[in-house]
Amino acid sequence: MVSPGVKFHYAGDGHNHWHFTDFDDYWIETLGGTDLRSAEKHGYCLEDNTTWAGLAGAAGVPTSPVYLGATSCGKGLPQALTVIEGLSRGWGDTYPLTLPDQAIDVTGLPDGRYRVGITADALGAVVEGDESNNTATMEISISGNTVTTYPATATGGLN
Ligand SMILES: [Ca+2]
Ligand SMILES: [Ca+2]
Ligand SMILES: [Cu+2]
């Protein structure tokens, strides 16, 4: 499907490659749904680095990665006129916690139970076959410097 609203920007802040702009939005909220804090990172160099078992072997799911950050995303090419990056069906792009800029600052939030959520394509640039499955949430509890996670209550993804 064609998505003319999709934008990319060159991230020179140590990434030195092109990011898919506003790919997602993620936040922490009260269990009653009141937003507390939002994330800062919304742009990514997308790559296929994680298989999703639920679609393994399904039609249109490549058995090996198609898009890899090392060979796509226009690394070191701020003047590029064409950039190819993406996520294949059945693949995800997992970000280890060591990658910078992903944190949600919870300074000042009291110990307790909260919900974290993420919405893919929150601004609606990507035209999808199903626009209703883009949000996932899970509950956590914060106690001092310890965060405990509880099973996810929804599934999500761009498709
Ligand atoms: Ca969409
Ligand atoms: Ca979707
Ligand atoms: Cu990057």
Loop GluC sites (Glu not before Pro), region 1-63, which have at most 15 other Cβ atoms in a 10 Å radius of their Cβ (DSSP): Glu40
Residue-span extension gain [Thr71 to Ala103] - 0.36 nm each, minus C-alpha spacing: 8.9 nm
Region 24-136: radius of gyration and largest Cα-Cα distance (Dmax), Å: 16.7, 48
Length gained when the stretch Thr30-Asn49 is fully extended (0.36 nm per residue, less Cα-Cα span): 3.7 nm
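Sum up the charges of everything whose Cβ sits under 10 Å from the Cβ of Leu46, counting Lys and Arg as +1 and Asp and Glu as -1, but leave Leu46 out.
Values: positive: none; negative: Glu47, Asp48, Glu85, Asp93.
With Lys, Arg at +1 and Asp, Glu at -1, the net is -4.
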Candidates Gly124, Gly43, Gly112: whichever shows maximal mean-square fluctuation once the chain is modelled as a Gaussian network with Cα springs under 10 Å: Gly112
Neighbourhood net charge (9 Å Cβ-Cβ; Lys/Arg +1, Asp/Glu -1) for Trp91: -2
Gyration tensor (alpha-carbon) shape descriptor, region 10-70, a/c threshold 1.5: oblate
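Here, each number is a calculation from the coordinates, and none is a lab measurement. All values derive from a computational prediction rather than experimental measurement. Counting neighbours? That spans all protein chains shown, and the Cβs are built from the backbone with ideal geometry, glycine included.
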